[in-house]
1. Tell me the relative contact order for segment 1-144 as a rounded percent, counting alpha carbon contacts under 8 Å between residues six or more apart.
2. Once both axes come from the Cα atoms, what is the angle between helix 2-18 and the longest principal axis of the chain, in degrees from 0 to 90, rounded to 10?
3. Just from its helices, what would the mean residue ellipticity at 222 nm be for the chain, if runs of 4 or more DSSP H residues each count -39500 (n - 2.57) and the sum is divided by every residue, rounded to the nearest 500 deg cm²/dmol?
4. With a Förster radius of 22 Å, plug the Cβ-Cβ distance of residue 138 and residue 116 into 1/(1 + (r/R0)^6) and report the FRET value to the nearest 0.05.
5. What's the angle, to the nearest 10 degrees (0 to 90), between helix 29-45's Cα axis and the longest principal axis of the chain?
6. Rounded to whole Å, give me the distance from the Cα center of segment 75-109 to that of segment 1-57.
7. Which of 19, 133, 61 has the fewest other C-beta atoms within 10 Å, and how do the rest follow up to the most?
8. To make sure I understand, if each residue's beta carbon is the centre and we count other beta carbons within 10 Å, what order do 26, 7, 102 fall in, fewest to most?
């Protein structure tokens, strides 16, 4: 981290010496934008809690089924925490392996959305839209994973 931070500061300093406005527009602003966007996504992935079991990973990390944009299978965010060293191509298999636990614990699952849509439903308090994309796993008839 120290090396990466030092490299970034040197990169910024090099561009700042050439053109301060370029350094601001093309180094600092994209960096700040990246931090804000990742903070929004990270907050959405962990926006829920089970009051009876705050450590419940199936509630506190969301799962998006049939997501609009599934970058590196991060829509299976519970798996990301269960298998931190796991390869993203294996996430669907890991999700399938634990699917009965998803149902038992009533995991926080949504369908046909993206994390930014979830973020904006919270931001604008459009809880009805959020509820429309929520998947009640206890109501699922066969208990098989959705794709």
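Every read-out reported here was derived from the displayed coordinates using simple, explicitly stated rules and does not represent laboratory data. None of the values given here were measured: they were computed from a predicted structure. Neighbour counts run over all protein chains shown; Cβ positions are idealised from the backbone, glycine included.
1. About 21 percent, as a whole number.
2. The angle comes out at about 50 degrees.
3. Details: 9 runs with 77 residues, N = 147.
Helix-only estimate at 222 nm: -14500 deg cm²/dmol.
4. On the way: r = 27 Å, r/R0 = 1.24.
Step by step, r from the Cβ atoms, then E = 0.20.
5. Approximately 10 degrees, to the nearest 10.
6. 26 Å
7. Working: 19 11, 133 17, 61 20.
Listing 19, 133, 61 from fewest to most nearby Cβ atoms yields 19, 133, 61.
8. Details: 26 13, 7 10, 102 21.
The order, fewest Cβ neighbours first, is 7, 26, 102.
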